[in-house]
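See structure below.
Throughout, read-outs are computed from the coordinates displayed, never taken from laboratory work. Just so it is clear, the structure is predicted and the values come from calculations on it, not from any experiment. Backbone-built Cβ (ideal geometry, glycine too); neighbour counts: all protein chains shown.
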Amino acid sequence: MTEDNKKLNIAEELSRAKESIRAADLLFEGGLVNDAVSRLYYYVLYHIRAVLLSKGLEPKSHEGALRLFGLHFVKEGQFEAKTSHVFSKLMKYREEADYNPSYAFTKEDYTELRREADATASSTETFLKEKGYL
């Protein structure tokens, strides 16, 4: 993967992230909190994938993205463990939101998760800027 390819792919991931957060907010405003939580997960996933691409890493699964991020970025000290924890938590909550009909997130849950997702997105964008990808 060339540097130009990396930049293009990173930009595409971040574009998808922007669409996901927009969808999350629209769903939340429409009272569809579980669906909004699910979209928050994708917002963070696309940011994590963008970071992974900075090292030419392309995960084959959601779990692979989490493992690669932990191994290549958290373990190496480039991100705090909290970033990985937020991603992992949202991964679990997305599964609950999508597949467990008895699980209901509250508006307060969404507000807190949105705050954590935004902090994660901010840290990944700062990293990408520092590395010259934005």
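Let me confirm something: among R115, R94, which residue is among the charged types (D, E, K, R), buried (at least 17 other Cβ atoms within 10 Å of the Cβ) and either closer than 18 Å to A17 by Cα or under 12 Å from the mean Cα position of the chain (by Cα) (or both)? Steps first, answer last, please.
Values: R115 fails: buried (at least 17 other Cβ atoms within 10 Å of the Cβ).
Selected residue: R94, the only one of R115, R94 that is among the charged types (D, E, K, R), buried (at least 17 other Cβ atoms within 10 Å of the Cβ) and either closer than 18 Å to A17 by Cα or under 12 Å from the mean Cα position of the chain (by Cα) (or both).
Mind listing just one residue for me: the one in region 1-32 that is crowded, with 19+ Cβ neighbours inside 10 Å and out of contact with any Leu (no Cβ under 7 Å at 6 or more places or on another chain) and, of those, nearest to T124 (Cα to Cα)?
Result: L14.
Name the pairs: first residue in region 22-44 and free of Cβ contacts under 8 Å to residues at least 40 places away in the same chain and under 14 Å from E95 (Cα atoms), second residue assigned to a helix (DSSP H, G or I) and of a type in the set (V, I, T), Cβ to Cβ under 8 Å, at least 6 apart or on different chains?
R39/I21
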